[in-house]
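The values are calculated or read from the model by the stated rules, or taken from the named source; none is laboratory data. All values reported here derive from a predicted model rather than from experimental measurement. Here the Cβ positions follow ideal geometry from the backbone for every residue, glycine too, while neighbour counts run over all protein chains shown. Remember, those area values only see protein heavy atoms, side chains included, never the ligands or the DNA or RNA. Shrake-Rupley method; radii C 1.70, N 1.55, O 1.52, S 1.80 Å.
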Amino acid sequence: MDNTTRYERLRERYMNGDLDRRTFLGLLGAAGAAYGVVTPYRAFAQDVSQVRFDGWGGVVSEAFRQYAFDPYTAETGIEVVDGTFGGGDEYLSRVKASQTGEYNIAHLSGVFDYARYDNLGLSSELNEDNIPNLQYVIPKLVDVFRKVSGGTLSCVPYDYGTTGLAYNRAHISDEEMQEKGAKILIDEAYKGKIAGWSDWRTRIWFASLQTGQDPNAAEDMDAVWDAIRAHRDLSLKYWTSGAELMSLLAEEEIYVTEGWSGRIYALQEQGHDIGYYDPPNGYGWQECLFVLKGSPMEAAEELLNFMLAPETSIAVAEGQNYPPALDPNKVELGEKIPTLPAFDPTGTLDGLTFADPEYWNSHEADWSKTFGRVQKGY
């Protein structure tokens, strides 16, 4: 039986209702792998009715829905079903407990997340010929992902930003913030008006800064854990989502916290007098659109290409307030994007400090467990 006949018979069984969508796509992929050919998903694109996308919620998801998902559905007829999560660890737990193909595309944060998924065998392999708009992306952002997966890609870079220090200017001046930097998060003068994200990496990163250490190579972890405990004892609470971060600052329940650059910009747009400061060696990150193993690849690649189109990517960036992964040397980014925190007009991103995936992932089991204990008061 030749490949064309094999695919047509699979398609006929699917159209007759003998196979559900997930089984059909799985068999189609298995047939292509078994016979050493590229599975022609595009020929069956009309049989893919939906793609699932999971992201960070709030203004980020709103921007994706308005400027990318709805226009994509209008153009292709494929529905994007979007879910949300509060943190990378939470989402990974869901994926590990799911059936292959249940989750498709995720808005992951950091190369260390990409490496985790790849190490767990959850990555896919994109056909870059189906994503021509990848040519517009900052090369540095693409290269770091290629190194993880041996030259192929399981994602496309999409945006970047920083986790810096956000503060209420009615109570903390710009001068005080620049003088104290990360140490302001353990300043007893602001006890009960401090907060922080309940993410072990972020807590360790800022504790490293507070103890004068390189966040990607801390040597005195006892000092780091002591700083994390000091911050915990001075904090009103740990926040768990971008919406909660914004609410705490907007309602003046807190005066200072670390925060995500785009969310702080959104508060400033709303008229809140919230300052934002990236200290030296502050936390820079890039986010990607990661395609999970077992996803309908052609439909996913078509969505990624649609989202990387300059007009789509710029609209999303303006909506979510994070600079796009597009290279400013190749694409005119308009008036708003150059004003966003963390934006690099050179396209080199040399001014940002990113997490070393090997360093952080090698310590994940130990440090995440320890932070869980510290968070509970130990």
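Between amide H atoms placed 1.01 Å from N, distances below 5 Å from residue 159 occur with 287, 325, all of them 5 or more places distant or on a separate chain.
Under the criterion of Cα pairs below 8 Å and six or more residues apart, the relative contact order for the chain equals 26 percent. Just add up the charged neighbours of residue 65: K/R +1, D/E -1, any other residue whose Cβ is under 12 Å from the Cβ of residue 65. Charge balance near residue 65 sits at -4.
Sequence-ordered 3J(HN,Hα) estimates for the stretch 161-170 from the Karplus curve with 6.51, -1.76 and 1.60 and θ = phi - 60° stand at x, 9, 9, x, 9, 10, 8, 7, 5, 6 Hz, glycine and proline given as x. Ignoring lysines fewer than eight residues from residue 140 along the same chain, the ones with Cα atoms less than 19 angstrom from its Cα are 330. Pairs from the list 183/237; 237/376; 193/336 with a Cα-Cα gap above 22 Å: 193/336. For the chain, the longest principal axis of the Cα atoms and the long axis of helix 139-148 meet at an angle of about 70 degrees. In order along the stretch 79-84, the phi-based Karplus estimate (6.51 cos²θ - 1.76 cosθ + 1.60, θ = phi - 60°) of 3J(HN,Hα) comes to 7, 9, 8, 10, x, 9 Hz; Gly and Pro are listed as x. A probe of 1.4 angstrom, applied to the heavy atoms of all protein chains, finds residue 277 with accessible area near 50 square angstrom. The helix-based estimate of mean residue ellipticity at 222 nm for the chain, built from -39,500 (n - 2.57) per DSSP H run of four or more residues and divided by its residue count, is -13000 deg cm²/dmol to the nearest 500. The length gained on full extension between residue 74 and residue 376, counted as 0.36 nm times the residue separation minus their Cα-Cα distance, comes to 104.0 nm.
Under 5 Å between amide hydrogens, built in the peptide plane, is the criterion, and for residue 51 it picks out 79, 80, 81 among residues at least 5 positions away or on other chains.
So for 297, 307, what's the accessible-area order with a 1.4 Å probe, most first? Kindly include the intermediate steps, with their values, before the conclusion.
Details: 297 30, 307 0 Å².
Greatest to least solvent exposure: 297, 307.
Hey, any idea what the orientation-averaged projected area of the convex hull of the stretch 206-283's Cα atoms comes to, in nm²? For the stretch 206-283, averaging the hull's shadow over all directions gives 5.5 nm².
Computed 3J(HN,Hα) for the stretch 283-297, one whole-Hz value per residue from the Karplus formula 6.51 cos²θ - 1.76 cosθ + 1.60 where θ = phi - 60°, is 8, x, 8, 10, 10, 10, 9, 9, 9, 7, 3, x, 7, x, 5, glycine and proline marked x.
Against the main long axis of the alpha-carbon atoms of the chain, helix 200-210 sits at an angle near 40°. Heavy-atom accessible area, probed at 1.4 angstrom with all protein chains present, ranks 312, 84 as 84, 312, highest first.
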